[in-house]
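Novice: Would you mind keeping the following structure in view while I ask a few things?
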């Protein structure tokens, strides 16, 4: 099982890298990648790929993501989540649910996000969290992201719980800061669950304990991406295994097979197919 996909339900207090390291030992496979970092405080869907499937990491990383997040109002931390050092506290006013819903609804669409200082984004050759840990000041980069759906799930006392669907690159900690600013208060991320990435849902995910107990199912390439399958003849087979560009009236991802075995994955655009993976 060198080339597989796994939907992991990440435990709290593990980094995404921790998950990959544990899978490396459990699966006895050194070539493993994940498709979107989750903070240690967060749990939920982390799609992991092994072997040649790691070439699909960038593709799956672009898929939209769904989260259930919780804000604790009246507290500001340096990491923008509840695990950080407290910078400020403030008395929390009582909001109506309608006020909160209005603030959330106004965020639907594209907006400019400020990248959190405690993130792995590179600036001038260093990750942002390295600047934070050495107390170096740095202008935080900004980028355009999209909030596709957002809804209030619960609000009581100083806690707001909401569900949100976002584009690639959206930091929920940053979104929470925007929500708090628009409510004219301060707050921090209290909890976060990634419930979906693309079509991969948390109810189909496995914990590391499940993997350890051999209680899991793997995903093959047909489960990971939308593709069409084409059986090769002898002439085309030679071109494909040599990685030649293929001209054909095809579109999107094509899985070439020979004698019912996976041979190569190509991507076709405007009738031109280029090699992505050789199996």
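The values are calculated or read from the model by the stated rules, or taken from the named source; none is laboratory data. These figures come from a predicted structure and were not determined experimentally. Glycine also receives a Cβ, built like all others from the backbone with ideal geometry; neighbour counts cover every protein chain displayed.
Novice: If residue 119 satisfies every condition in (1) surrounded by 11 or more Cβ atoms within 10 Å (Cβ to Cβ); (2) at pLDDT 90 or above; (3) within 20 Å of residue 40 (Cβ to Cβ) but one, which is the exception?
Specialist: Failing condition for residue 119: (2).
Novice: Are any residues in the stretch 200-223 part of a loop (DSSP other than H, G, I, E, B) and free of Cβ contacts under 8 Å to residues at least 24 places away in the same chain, and if so, which ones?
Specialist: Selection gives 213, 214, 215, 217.
Novice: Please find, within the stretch 10-33, the residue that is surrounded by the fewest Cβ atoms within 10 Å (Cβ to Cβ) out of those that are closer than 16 Å to residue 207 by Cβ and touching a helix residue (DSSP H, G or I) at 6+ places or on another chain (Cβ under 6 Å).
Specialist: Once the filter is applied, the top-ranked residue is 26.
Novice: Specify which of the listed residues (97, 55, 126) is in contact with a strand residue (DSSP E or B) (Cβ under 7 Å, 6 or more places away or on another chain) and more than 30 Å from residue 216 (Cβ to Cβ).
Specialist: Only one candidate qualifies: 97.
Novice: What are the residues in the stretch 240-271 that are under 27 Å from the mean Cα position of the chain (by Cα) and not in a strand (DSSP E or B), if any?
Specialist: Scanning the stretch 240-271 gives a single hit, 251.
Novice: Examine the stretch 28-46 for a residue that is part of a helix (DSSP H, G or I) and modelled with pLDDT under 95, and state whether such a residue exists.
Specialist: no
Novice: Looking at (1) surrounded by 11 or more Cβ atoms within 10 Å (Cβ to Cβ); (2) modelled with pLDDT of 95 or more, can you tell me which one residue 262 breaks?
Specialist: (2) is the only condition that residue 262 fails.
Novice: Kindly evaluate residue 237 against the criterion of being in a strand (DSSP E or B) and either in contact (Cβ under 8 Å) with a residue 60 or more places away in the chain or not assigned by TED's automatic domain parsing to the domain that holds residue 19 (or both).
Specialist: The answer is no for residue 237.
Novice: On to the next question. For the stretch 168-178, give me each residue that is surrounded by fewer than 18 Cβ atoms within 10 Å (Cβ to Cβ) and more than 10 Å from residue 113 (Cβ to Cβ).
Specialist: Matches in the stretch 168-178: 168 only.
Novice: Mind listing whichever residues of the stretch 157-190 are farther than 23 Å from residue 143 by Cα and at pLDDT below 95?
Specialist: Passing the criteria: only 157.
Novice: Follow-up question, since we're still on this one. Condition check: in the same structural domain as residue 134 (by TED's automatic domain parsing) and over 22 Å from residue 191 (Cα atoms). Does residue 98 satisfy that?
Specialist: Judged against the criteria, residue 98 is a match.
Novice: Just the residues that are modelled with pLDDT under 95 and over 17 Å from residue 192 (Cβ atoms), please, taken from the stretch 9-24.
Specialist: 17
Novice: Please enumerate the residues belonging to the stretch 131-152 that are exposed (fewer than 15 other Cβ atoms within 10 Å of the Cβ) and either over 22 Å from the mean Cα position of the chain (by Cα) or more than 20 Å from residue 168 (Cβ to Cβ) (or both).
Specialist: Correct list: 133, 134, 135, 136, 137, 138, 139, 151.
Novice: Here is a check on your reading of the model: is residue 30 free of Cβ contacts under 8 Å to residues at least 12 places away in the same chain and under 30 Å from residue 223 (Cβ atoms)?
Specialist: Considered against the rule, which asks whether it is free of Cβ contacts under 8 Å to residues at least 12 places away in the same chain and under 30 Å from residue 223 (Cβ atoms), residue 30 comes out as yes.
Novice: Still on this structure, please answer the following. Taking residue 208, is it touching a strand residue (DSSP E or B) at 6+ places or on another chain (Cβ under 8 Å), crowded, with 16+ Cβ neighbours inside 10 Å and either on the phi < 0 side of the Ramachandran plot or not assigned by TED's automatic domain parsing to the domain that holds residue 79 (or both)?
Specialist: yes
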